Amino acid sequence: MSADTTQRTRTGPEATDGNPGGNLQAGLKNRHLSMIAIGGVIGAGLFVGSGAGIASTGPGILLSYALAGVLVVMVMRMLGEMAAADPQSGSFSAYADRALGRWAGFSIGWLYWFFWVVVLAVEATAGAKILNGWMPGVPQWAFALLVMAVLTATNLFSVASYGEFEFWFAGIKVVAIAAFIVIGTLAVFGLLPGTHAVGTTNLVGHNGGFLPHGVGAVFTGMLTVVFAFMGSEIVTLAAGESADPEKAVSKATNSVIWRIGIFYLGSIAIVVTLLPWDSAAVKGSPYVAVLEHVGIPGAGRVMDVIVLTAVLSCLNSGLYTASRMAFSLGRRGDAPAAFAKVSSRGVPTTATLASVVFGFVAVFFNYTSPNTVFQFLLNSSGAVALFVWVVICLSQLRMRKIIERESPERLTVRMWLYPYLTWATIGLIGFVMVYMFTTEDGRKQMYLSLVAAAIVLAAAPIVQRRRAGRELAAEAASGS
């Protein structure tokens, strides 16, 4: 890979077609990327949504998290291999473009953008609900508008401001989980005042044991938790705006195992060991239940603050991720040329504003049509994570050969047991997709997500023909 290519991958333009419009700036520091990588796997779903998974699966939810965690580790390793060799602002969309064809990069890029702009609405509403609980005199929609506006301004100012906000948001989440694990571990062994060692009674001896609903519940639980890991890949998009993207990607990829092991498996293990899995308190909010059990005063309010931080972090990262994917699509001619233009601070302003406008529209529908339009948006983006992971796997199969042929020295991160583990991961993702059809919610999400994918796939050749026409017209004009 030439020096010119290396420079292009660091500044973001994956191809020379489309309006170049300037470059992204390397404004993210190593500490920003480290915390983005660590905090990327800790979302509000861990603090709140995990209760539903525990209630439906029992202590066996640990197996669900372990299986989903293995899946994410494999996918991140594959993505890390490609990103370390060729850092791109479009990440897997750019790799799919090269490895599988323009249709693949176009389709998965727009589906991913769609996923995150819907997430913007979900997180803005969740944050507004918490703030409204503290200040009921202010309408919930006003808080949703406020958090969206503040974080939009942050992202528009500079990538460094995004990184700084995310550093502190993620830092609070990490400290909170670390403190929870320490406190919970002490309580499990009866080392806190008012507690006694619980042993394994709740884990394997309570109301049906470790798998009260059978082995099948592990896979049902996996459907609940697998989407909680979406966001791990953000660091590979952000790496393109750092001074040393290869090092950042390598470090993030190598740390994903312990991040998932400690933050998810560690904290959930404490919940199901310390408290009965079928208690109403665990189903409602497992982390609050544990803190109240060990006598932490104001546990509910403390958790509200932590969840709000997680929500703002996800909203901040979602806006950043959507804008960078839109920027990458613009650079490759798969989105309006204006998306590829950047401000004097190196921020893709139009791409950011387009993403947040769709997010505002989705928030509007969340308040006016929560059970119709917004539910459709939510369900139609529900399986996008699985689509993205499959594309990453298929791209890595082809990109490994391309990199080995063109620049083998850039293979600083390698997928384990290639290509066997890659194919095994594809098989596991396929199993999850098929299993989604066995549940009512899963079927609805798969059907509507497939509809969304079909629409984008149908649009791909139309956009490609128009792009080819523009390129031919430009060549004819330059030759005349």
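The values are calculated or read from the model by the stated rules, or taken from the named source; none is laboratory data. Note that this is a predicted model, so its numbers are computed, not measured. Glycine also receives a Cβ, built like all others from the backbone with ideal geometry; neighbour counts cover every protein chain displayed. Areas reflect the complete protein model, heavy atoms only, side chains present, ligands, DNA and RNA absent. Shrake-Rupley method; radii C 1.70, N 1.55, O 1.52, S 1.80 Å.
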> Any idea what the relative contact order of the chain is, in percent, if you count C-alpha pairs under 8 Å spaced at least 6 apart?
Replying inline: 33 percent
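If you count, for each residue, the other Cβ atoms within 10 Å and average over each peptide, how do 379-385, 457-463, 152-158 line up from highest to lowest? Could you put the intermediate results ahead of the total?
Details: 379-385: 22.9, 457-463: 13.9, 152-158: 17.7.
Per-residue Cβ counts within 10 Å, averaged per peptide and sorted highest first, yield 379-385, 152-158, 457-463.
Name the shape class, rounded, prolate or oblate, that the alpha-carbon gyration tensor gives for segment 281-327, where a ≥ b ≥ c are the square roots of its eigenvalues, rounded holds for a/c under 1.5, and otherwise prolate holds if a/b is larger than b/c and oblate otherwise. List each step's numbers first, then the result.
Numbers: a/c = 5.86, a/b = 3.22, b/c = 1.82.
Here segment 281-327 falls in the prolate category.
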>> Just want the answer: with Cβ charges of +1 for Lys and Arg and -1 for Asp and Glu, which residue in Val288, Ala326, Val390 is farthest toward the dipole's positive end in the chain?
In response: Ala326
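Given the DSSP H assignment, sum -39500 (n - 2.57) over each helix run of at least 4 residues in the chain and divide by its residue total; what's the result at 222 nm in deg cm²/dmol, nearest 500? Intermediate values should be presented prior to the final figure.
Numbers: 21 runs with 339 residues, N = 480.
The helix contribution divided over the chain gives -23500 deg cm²/dmol.
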>> Give me, ordered by chain and number, the residues 5 or more places off Ala383 or on other chains with an amide H under 5 Å from its own placed amide H.
In response: Ser449
> In whole Å, how far is the Cα centre of segment 409-480 from that of segment 333-368?
Replying inline: 22 Å
> Separation of segment 248-286 and segment 36-99 by C-alpha centroid, Å?
Replying inline: 13 Å
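Give the peptides 216-224, 104-112 in descending order of average Cβ contacts within 10 Å, highest first. Mind dumping the intermediate values first?
On the way: 216-224: 20.4, 104-112: 25.7.
Put in order of decreasing packing, that is 104-112, 216-224.
Before anything else, pin down the relative contact order of segment 167-280: Cα pairs under 8 Å, at least 6 apart, normalised by residue count, whole percent.
Numbers: 59 pairs, mean separation 44.6, N = 114.
Reported as a whole number, the value is 39 percent.
Could you tell me which helices of the chain pass both thresholds, a Cα extent of 18 Å or more along their own axis and a mean Kyte-Doolittle hydropathy of at least -1.0, with helices taken as whole DSSP H runs? Present the calculation step by step, with values, prior to reporting the outcome.
Working: long enough: 61-85 (36 Å, 1.84); 102-134 (48 Å, 0.92); 140-157 (26 Å, 1.61); 159-188 (42 Å, 1.63); 245-260 (22 Å, -0.19); 299-331 (48 Å, 0.88); 349-368 (28 Å, 1.42); 384-406 (31 Å, 0.92); 420-436 (24 Å, 1.63); 440-479 (59 Å, 0.14).
Correct list, ordered by number: 61-85, 102-134, 140-157, 159-188, 245-260, 299-331, 349-368, 384-406, 420-436, 440-479.
Please report, in debye to the nearest 20, how large the charge dipole of segment 154-313 is about its Cα centre when each Lys and Arg carries +1 at its beta carbon and each Asp and Glu carries -1 there. Spell out each step's value before the answer.
On the way: 6 positive and 9 negative charges, 65 e Å.
Roughly 320 debye for segment 154-313.
What order do you get for 164-176, 434-446, 185-197 when each peptide is scored by the mean count of other beta carbon atoms within 10 Å, highest first? Mind showing how you got there, number by number?
On the way: 164-176: 19.7, 434-446: 15.6, 185-197: 14.1.
Taking the mean over residues of other Cβ atoms within 10 Å, the ranking is 164-176, 434-446, 185-197.
For segment 102-191, what % of the accessible area comes from carbon and sulfur atoms, probe 1.4 Å? List each step's numbers first, then the result.
Values: 2930 of 3520 Å².
The value for segment 102-191 is 83 percent carbon and sulfur by accessible area.
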>> Test of understanding: express the Cα radius of gyration of the chain as a ratio to 2.2 N^0.38 Å, with N the residue count.
In response: 0.98
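When ligands, DNA and RNA are left out and all protein chains stay put, how many square angstrom of accessible area per residue does the chain have with a 1.4 Å probe?
On the way: 18520 Å² over 480 residues.
I get 39 Å² per residue for the chain.
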> Measuring from the lowest to the highest alpha carbon on each principal axis, how far does segment 208-300 reach, largest first, in angstroms?
Replying inline: 50, 38, 18
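Over segment 344-479, what percent of the accessible surface lies on carbon and sulfur atoms, probe 1.4 Å? Working shown, then result.
Numbers: 4670 of 7090 Å².
Roughly 66 percent, rounded to a whole number.
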> Projected area of segment 321-480, taken from the Cα convex hull and averaged over every viewing direction, in nm²?
Replying inline: 14.1 nm²
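Got a number for carbon plus sulfur as a percent of segment 237-298's accessible area, 1.4 Å probe?
On the way: 1420 of 2140 Å².
After summing per-atom areas, the C and S share lands at 66 percent.
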